[in-house]
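Asks: Have a look at this one before I ask anything.
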Amino acid sequence: MYSVIEAQRRLGLHMQEHGLKRTRQRDQLLEVFYEFGGHASVDEVLARVQLRMPGVGYATVYRTMKLFVEAGVAHERKFQDGQARYEPHLGDEHHDHLICLDCDRIFEFDDPVIEARQAEICSAHHLRPEHHRHEVYARCTLGATCVNRKPPTR
């Protein structure tokens, strides 16, 4: 699992290779992003980084998140809502996603049985898997007691 320190190193190498400068804003954005922990939208990263650096704008965060993806320190994900969300790149660690349609929470999971079954299916069709995305969209079974439930729209 990569730490923010490893991400800073990787980002620094990428910027050096591409003639980009290291800035305080980029450093702060990377720290805020890794502290967030995953599935952050540009708006969510912006809100958090503005607590440290009030002058940072949306365009800066947007461009910097794209830079993080290019540098391999973040993954961009688009779920059913179409909004880009970013999660830290954590090495070769693979995981799948459960997305709650009621509260929009995103849960990560890894299941060796599912992974093995996917490999078996590929093999049966004479295919070698390269990569995949597994997303399960579900509804909360807690109903009105779910603390994350969005209020109904009128």
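What follows draws every value from the coordinates through simple rules; no lab data is involved. Owing to the predicted nature of the structure, the values given are computational and were not obtained by experimental measurement. As a convention, Cβ positions derive from the backbone with ideal geometry for all residues, glycine included, and neighbour counts pool all protein chains shown.
Asks: Run the simple label-point estimate for LEU98 and HIS134 please: 7 Å along Cα→C-beta, distance reported in nm.
Replies: 1.3 nm
Asks: Right, here's the next one. Could you grab the relative contact order for segment 67-118? Cα pairs under 8 Å, six or more apart, rounded to a whole percent.
Replies: Numbers: 44 pairs, mean separation 10.8, N = 52.
Relative contact order here is 21 percent.
Asks: What order do you get for 19-25, 128-134, 73-79 when each peptide is scored by the mean count of other beta carbon atoms within 10 Å, highest first?
Replies: Values: 19-25: 11.1, 128-134: 9.0, 73-79: 16.7.
Ranked from most to least packed, the peptides come out as 73-79, 19-25, 128-134.
Asks: I've got another one for you. If I model a spin label as a point 7 Å beyond the Cα along the Cα-Cβ vector, how far apart are those points for ARG52 and ILE121 in nm?
Replies: Inter-label distance under the simple model: 4.1 nm.
Asks: Does segment 4-88 classify as rounded, prolate or oblate by the C-alpha gyration tensor (a ≥ b ≥ c root eigenvalues; a/c under 1.5 gives rounded; else a/b over b/c gives prolate, otherwise oblate)?
Replies: Details: a/c = 1.67, a/b = 1.23, b/c = 1.36.
Oblate shape, in that a/c is at least 1.5 and b/c is the bigger or equal ratio.
Asks: If you don't mind, there's one more thing I want to ask. Take every DSSP beta bridge whose two residues both sit in the chain, then give the antiparallel share in percent to the nearest 5.
Replies: Of those bridges, close to 70 percent are antiparallel.
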